Each structure stands twice: as C-alpha cells, then as structure tokens.
Amino acid sequence: MALYLGLMTGTSLDGLDIALLDIAPSSPDHERIRFIDGLDLPLPETLRTRLWQLMHCDEACFADLAAAEQALAELAASAVTRLLTRQQLSADDIAAIGSHGQTIEHRPYGFSDRPCHTPYTLQLDNPSLLAELCGIPVVADFRRRDLAAGGQAAPLAPAFHAALFSQPDQWHGLLNLGGIANLTLLPPQDSTADVIGFDTGPANCLLDAWHARHRGTAVDQDGQWAASGKVIPDLLERLLSADYFRRPLPKSTGREDFHLDWLAQHLTGDESPADVQATLLSLTVESIVQALEQTGVSLAALTPCGGGARNGALLTQLEQRLAQGEQATPLVSCADMGWNADLLEASAFAWLAARRVLERPGNLPSVTGASGPRVLGGLYAR
C-alpha cells in the first residue's frame, strides 16, 4: 500500500480539499487507484479575503504574498494532521503530498497589451514549509513544466479522469464546475482518439462574486437566487460574444478573463440583480453546451463534479439543454461512478504526486498543447 495526499484550493475560494488515496503501479504506465478518505475545509475568512485581494490587485506586495503563503501552508498542515488522526496514520505512512497551491493568476497567453508577452501561471504555495510542518515529502509546482513545454498548464485533471473513468466502448464526459468550468471528454478505451480537455468559461466565479456583492454571502445556495430571476437575452448574447469562447483548442482561462469588471462592461445599470444572476447561470450552461457542440463528440453521459455539482438550478438547466440536441446526453452523478464529486480534483493532485514520485508523465499534450508528455512537479523532501 502506497498512500498519497492531495491538496486543492480552487478559483472559487470556497475551501481547501484534501484527499487520501492508495496508489500503486499496476503496469508500466498505469496505477491501481483507491480512494480512502477526504475532507472539505472552509477557508478562514481572513485568508479568503487576503487571497481574493491578491487575485484582483494590480500590484502585489511581496510581504502580502508571503503572509498568504504561510497561512495557506499552515491550514494545509492542519488538514493533513486532522485527516491522518482520523485514519490513525502517521507521517511515515504517507509517500507524498501533492499540493496544487492557490492560483493567483493564470496567463497562458501572456499580456497582449504589454511589451512582454511571456506566458505564465502563478500558484501561491510554500511546499518547503508544508514539508517542514508535516514531516512528509511534498510535490508542488505542477503547472509550470507543462507551460515550459509550450502547453497551457491547464487543465491537468483530465489525465486523472482518463485513468479513472474511461469506458470500454463509449465516450464519457467529466464536467468540473469550480470557479471556472472545464470539460474532459474520454474516448472509448479501444479508440485511437485523444482525450479532449479544456476550460469552457466561468462556472461559479461570476455567480459567487455577484451574489456576494448583492446578497452579502459568497454562495447562491442551490442556485435559489438565480432561479428567482429571469434571463436577460440581450445580456446573455453580449456575454457569449467574449473572444475566449471562440478561441480554438487547446485553451484555458481564469478570473483574469471573467470578473465583475468584465461583467460591468456589458451592463446598462437598469438590470435587476436577480435577473443578472439568472443570466450568469445561463452563461455557464450555454457556454458548456456550445463547447460540447463545437467538439462534435456525442457523449453517452456527462458527470458533473466540483462545487457547482451541488447547484440544483444549474444542473436542472444544463440537463434540459443537453436533452434538446439530436442525441440527449444524460447527467450521471460522480457518486454513481464510485467517486466523491467534491474531492475529485484534490484526488487528482494526490495521483499527480504519485506520478512524480514514480517519474511518470502527468500531463496530456492533447489537452494542454505541450510538445510532449512531461513529469510534472518539484519534489520537496521531508
């Protein structure tokens, strides 16, 4: 038995997820993967606010970055201790921790309006401190090796999805509804087709931000506020005209493209806040449906995961839209696939840590556009 921990805080800033997996090689390039346990811990409000400010400021102070890194590492270490205690395990029982870190900015295209167009992606993390606090080796900085190889550095989870969910004779889809929505389309196991994966656009990031501005809390529980409003067709059309939706694959995005200032550029000021929320929910749904249509792939089923998988209004509308095509695509829950929807992404980084320890590639060039498979992440000894 080889035990790995995965840590993830996503663009939605709703919490820190930690997953414990048993991962062992089963062939030269495949592993046996078993989920054991996991936790979803809310971010302390002070840390959440600090991260939000860093993600939206024009210029960051090094001291603020360092303080946020330390607070995040200390929270991660406390989550590790809590999970190990619950499982009656010690640090010596864990082969490695895979720490994604908090994405502060993701610019795989660089800045077109600045003299330097260097692509970059920045995840706030302190793996050295985490290794020191936990006494466990840490694998971190997963994304920049793919970027160095000419890739988007995102999404990385499709490689894990392929290891878990590929079906013998049909295409199956995974839809991660975090701050940003991303799709993984898995070809049949005996097919020569490549895995397809990319960010479709906003999921929770705009919904949460608009709800926080007008309702005072970060989450529209079950999409109830959105369901109380009416979609504004002209606004939806303007939002769907964003350049990102027309970009060819491979592609990835983040809060840098979809934020409240971007939304404000499309508002007249006369809209009801509830109607805007309803329109933002439809933006998530329509951008996903359009992205699926653009791939030309017919899915046997689509499995939602991430925080948005708990948004009943979103899933209902998505299911209705997917039923309108030539071939209806049913939604199949992550639980029905034998996995925890909330902890799937944290589990992916436990698996990526194992791939690093085993010196096996963790990226999919067909997804990120990298020039080839690469072993991802730096290893920080205990």
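Applying the selection to the stretch 225-240, what residues are under 26 Å from His56 (Cβ atoms) and either in contact (Cβ under 8 Å) with a residue 40 or more places away in the chain or crowded, with 20+ Cβ neighbours inside 10 Å (or both)?
Trp225, Ala226, Gly229, Ile232, Leu235, Leu236, Leu239, Leu240
Please indicate, with yes or no, whether at least one residue in the stretch 101-109 is over 20 Å from His56 (Cα atoms) and either of a type in the set (A, V, I, L, M) or at pLDDT below 95 (or both).
No, there is no match, as no residue in the stretch 101-109 is over 20 Å from His56 (Cα atoms) and either of a type in the set (A, V, I, L, M) or at pLDDT below 95 (or both).
Take residues that are open to solvent by less than 60 Å² (accessible area, probe 1.4 Å) and of a type in the set (A, V, I, L, M) and tell me which of the strands (runs of 3 or more DSSP E) falling wholly in the stretch 55-169 contain 3 or more.
Output list reads 94-107, 138-140.
I'd like to check something: does the stretch 184-205 contain any residue that is part of a loop (DSSP other than H, G, I, E, B), touching a strand residue (DSSP E or B) at 6+ places or on another chain (Cβ under 7 Å) and open to solvent by less than 20 Å² (accessible area, probe 1.4 Å)?
Checking the stretch 184-205: at least one residue is part of a loop (DSSP other than H, G, I, E, B), touching a strand residue (DSSP E or B) at 6+ places or on another chain (Cβ under 7 Å) and open to solvent by less than 20 Å² (accessible area, probe 1.4 Å).
Being at pLDDT 95 or above and farther than 24 Å from Gln170 by Cα narrows it down to one of Ala353, Ala301, Ala291, so name that one.
It is Ala353.
Restricting attention to the stretch 264-282, does a residue exist that is under 25 Å from Thr368 (Cβ atoms) and either crowded, with 19+ Cβ neighbours inside 10 Å or not hydrophobic (A, V, I, L, M, F, W, C) (or both)?
No: the stretch 264-282 contains no residue that is under 25 Å from Thr368 (Cβ atoms) and either crowded, with 19+ Cβ neighbours inside 10 Å or not hydrophobic (A, V, I, L, M, F, W, C) (or both).
Residues of the stretch 1-12 being part of a strand (DSSP E or B) and either surrounded by fewer than 23 Cβ atoms within 10 Å (Cβ to Cβ) or free of Cβ contacts under 8 Å to residues at least 24 places away in the same chain (or both), which ones?
Leu3
Kindly list, by first and then second residue, each pair from a residue in the stretch 278-290 that is under 15 Å from Lys230 (Cα atoms) and touching a residue at least 40 places away in the same chain (Cβ under 8 Å) to a residue that is of a type in the set (Val, Ile, Thr) and outside any helix (DSSP H, G or I), limited to pairs with Cβ atoms under 8 Å and residues at least 6 apart or on different chains.
From residues that are under 15 Å from Lys230 (Cα atoms) and touching a residue at least 40 places away in the same chain (Cβ under 8 Å), the pairs are Ala278/Val231; Ala278/Ile232; Thr279/Val231; Thr279/Ile232; Ser282/Val231.
Return the only residue of Leu364, Leu322, Leu343 being within 19 Å of the chain's Cα centre (by Cα) and open to solvent by less than 40 Å² (accessible area, probe 1.4 Å).
Leu343
Just to be sure, is Arg48 open to solvent by less than 70 Å² (accessible area, probe 1.4 Å) and touching a Pro at 6+ places or on another chain (Cβ under 7 Å)?
Spelling it out, it is not the case that Arg48 is open to solvent by less than 70 Å² (accessible area, probe 1.4 Å) and touching a Pro at 6+ places or on another chain (Cβ under 7 Å).
Could you tell me whether any residue of the stretch 370-378 is assigned to a strand (DSSP E or B), surrounded by fewer than 20 Cβ atoms within 10 Å (Cβ to Cβ) and of a type outside the set (A, V, I, L, M, F, W, C)?
yes
Report every pair of residues separated by at least 6 positions or lying on different chains whose Cβ atoms are under 9 Å apart, first residue within the stretch 256-277 and within 22 Å of Pro108 (Cα to Cα), second part of a loop (DSSP other than H, G, I, E, B).
Asp257/Ala242; Phe258/Gly179; Phe258/Ala242; Trp262/Ala242
Name the residue, out of Gly173, Gly150, that is of a type outside the set (Ser, Thr, Tyr) and closer than 27 Å to Tyr380 by Cα.
Gly150
Take the stretch 247-263 and flag every residue that is open to solvent by 20 Å² or more (accessible area, probe 1.4 Å), more than 23 Å from Asp146 (Cα to Cα) and either among the polar types (S, T, N, Q) or more than 18 Å from the chain's Cα centre (by Cα) (or both).
Leu260, Asp261, Trp262
Going through the stretch 13-41 one residue at a time, which ones are closer than 16 Å to Leu75 by Cβ and not in a strand (DSSP E or B)?
Leu13, Asp14, Gly15
May I ask you to list the residues in the stretch 211-224 that are surrounded by fewer than 21 Cβ atoms within 10 Å (Cβ to Cβ) and not in a loop (DSSP other than H, G, I, E, B)?
Hits for the stretch 211-224 are Ala212, Arg213, His214, Arg215, Gln221, Asp222, Gln224.
The values are calculated or read from the model by the stated rules, or taken from the named source; none is laboratory data. Everything quoted here is computed from the prediction, not taken from an experiment. A quick note on method: Cβ atoms are made from the backbone with ideal geometry, for glycine too, and the neighbour counts reach across all protein chains shown. To get the accessible areas, we keep the full protein, side chains included, count just its heavy atoms, and leave off ligands, DNA and RNA. Shrake-Rupley method; radii C 1.70, N 1.55, O 1.52, S 1.80 Å.
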